[in-house]
Amino acid sequence: MTIAPELQFSLLMEPLIRYRRAGDGNTVCANLPQLFVALAADEVRDYPALRPHQRHPWHAFLVQLAAIALHKADRTTTFETADEWRDALLALTPDDPDGAAWCLVSPPARPALLQAAVIGGSIAEWKSRAFAADEIDMLVTSKNHDVKGSRARRSQPEDWLFALLSLQTQEGFLGAGNYGISRMNGGFASKPGVGVAAVGLVGARWVRDVGSLLARRQRTVEDCSLQGENGLALVWLVPWDGLGSLSFSSLDPFYIEICRRIRLQAVGDVITSIGSGSKAARIAAKELNGLTGDAWTPIDVEGGKALTITDKGFSYKLVSELMFGGKFQAPVAHNLIQTANDKSLVLIAQGITRGQGKTEGYHERRVPISPKVRGLLMTNQKAPLARMSTQRITVIGEVRKLLWVALAVLFASGKSSDSSDGNKTKASKFSDPFETAEDARFFDDLNEEIEAVDPAAQRLQWLLGLVGRAEAVLKIAFDAGPRNGVQKYRAQSAALSRFHGGLRSDKSPLPELANYYQQQTMKRQEETSDHV
């Protein structure tokens, strides 16, 4: 294969992608076919240039692209050599046998990677220029505070590749002419990435997900009314004048989309970009609410829409619902089947929270799936898991309320009737981090109870530990409470009394704990009586 002079930065031929090799950690430069071979051999540890919010788009791109090529070749297993992968990828672009559609830079009249050909071939009137790769990325920061823009002034080709992919496959609506992707629930929503992976390197997950997509291909075609054969898989292959939209029903179930009119340009080895707005979204899918058959998007069954994460991210409440509840339909990549090479499994949840003209944080969570949990989920026995999870969420909420009330009493110098806004704010300042800390350890604690020989004893141990951690937060807050001698001790004593009284009273929202404390009191009384 010979690359024409006007074609630059070919992913099929040039080693533009860096990865760190498993074992020795050495950096390897590879082209796309070589990377596929390395992934299949599970030799890839990570990608040093990949930013956290780009992880899921990159993984999804590699999985979808491999699945498209394998289906086209009528295969269910990966190719063994780079030459075979290169031929399979070229077969996806028969109108561009020289590989233009796999280059970062090509003439505007021709397609380039993730960039549609410009009808008429002229971009003279395009005005949106970028000189650093992060300028075209989908991150939007308030007044440039969170992540500084235009930092990557010495952007390498792989930086442009990752930024372009992030823009074209996870961006939303950003005003007139800037439409978002089809694979999420509306222009201000977010594209989540939720799946199950084997604990280990990225190659094992790639192989698992490619297999999952191929196995569910026909089901996705039927569920989403897509094309079983001859559908459009690489959306950038169709020229775009910015006026019309592609019909959703014309697409392949594994389609890789684009949402913006943008072209990369190069002078020597320096890449820049230029873009222009469009009059319509590239894919007509607004009415679908994100129900596009995406392999990593959970579906709100009752609401009939794709999951959109809030600024809370993948909280323990949301992940519990995703894993054990009945509200969401699990995506294709939520594949619990364990192969011979899988030692253990983990749920991976990733995504950026988007808003109107802004982003509200990148969120990523990994939750170990214990053997017993996996067995129950695979045999459709979610009910006991959902019950245990819901009970724990309720308990954490009740302990947090008791803690908050005790804190409010502390900051009111022991007066329970003083509920000023200032005291409420101080109480929340300490009680909110308590729940955040419980969120972080929630699934480890839950798994211990599920796997325990004596679940009841393990649960009691967790309850007592939870109360102990809440009391520790209350005592830490003593330093922020009243400092005057008499007020200090009265406030601290009243706060502790309110906290423990709420746990032990007959009206306690936690009867299990109240009963335990009562039994302990009776036991001590009996021991004292016997001693006398």
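Just so you know, all these numbers are worked out from the coordinates, no wet-lab data involved. Since the structure is predicted, the reported quantities are computational estimates derived from the model, not experimental observations. With ideal geometry, Cβ positions are generated from the backbone for all residues, glycine too; neighbour counts draw on all protein chains shown.
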*Tilt of helix 455-476 relative to the longest C-alpha principal axis of the chain, in degrees (0 to 90, nearest 10)?*
80 degrees
*Could you calculate the contour length gain from Asn515 to Asp95, that is, 0.36 nm times the residue separation minus the distance between their Cα atoms, to one decimal place in nm?*
143.7 nm
*For segment 35-83, report the convex hull volume of the alpha-carbon atoms normalised per residue, in Å³, without decimals.*
80 Å³
*With no solvent and one point on each alpha carbon, what is the Debye value of log10 I(q)/I(0) for segment 8-164 at q = 0.09, 0.20 Å⁻¹?*
-0.34, -1.40
*Considering amide H positions built from the backbone, and no H for Pro or chain starts, which residues 5 or more places from Ala233, or on another chain, come under 5 Å of its amide H?*
Asp252
*Taking neighbour Cβ counts within 10 Å as the exposure measure, how do Asp46, Asp95, Asp159, Asp294 sort from fewest upward?*
Asp95, Asp46, Asp159, Asp294
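Cα-based Rg of the chain per 2.2 N^0.38 Å, rounded to two decimals?
1.16
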_Suppose the chain between Val267 and Asn230 were pulled fully straight at 0.36 nm per residue; how much longer would it get relative to their current alpha carbon spacing?_
9.6 nm
_Sorted by Cβ neighbour density within 10 Å, fewest at the top, the residues Cys224, Cys259_ = Cys224, Cys259
*Return the long-range amide H neighbours of Ile283 (sequence gap of 5 or more, or a different chain), with a cut-off of under 5 Å between placed amide H atoms.*
Leu246
*So for segment 149-210, Kirkwood radius off the Cα pairs, Stokes-Einstein at 10 °C and 1.306 mPa s: how many µm² s⁻¹?*
111 µm²/s
*For segment 386-406 and segment 16-89, write down the distance between their C-alpha centroids in whole Å.*
44 Å
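Can you tell me what the convex hull of the Cα atoms of segment 382-531 projects to on average, as an area in nm²?
Computed as one quarter of the Cα hull surface, the answer is 11.3 nm².
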*asked:* Over segment 1-98, what portion of Cα pair distances is larger than 17 Å, expressed as a whole percent?
replied: 54 percent
*What list do you get for Thr297, Thr78, Thr310, Thr169 if you sort them by fewest beta carbons within 10 Å?*
Thr310, Thr78, Thr169, Thr297
*How far, in nm, would the chain grow between Gln156 and Met522 when pulled straight, counting 0.36 nm per residue and subtracting the alpha carbon separation?*
124.6 nm
*In nm, spacing of pseudo-spin labels at Gln381 and Ser249 (7 Å Cα→C-beta vector)*: 4.4 nm
*Please report the relative contact order for the chain, taking Cα pairs under 8 Å with a sequence separation of at least 6, and give it as a percent rounded to a whole number.*
13 percent
*By its C-alpha gyration tensor, with a ≥ b ≥ c as the square roots of the eigenvalues, how is segment 349-419 shaped: rounded for a/c under 1.5, else prolate for a/b larger than b/c, else oblate?*
oblate
*Longest segment of the chain with no trypsin sites (Lys or Arg not before Pro) in a DSSP loop having at most 11 other Cβ atoms within 10 Å?*
155-342
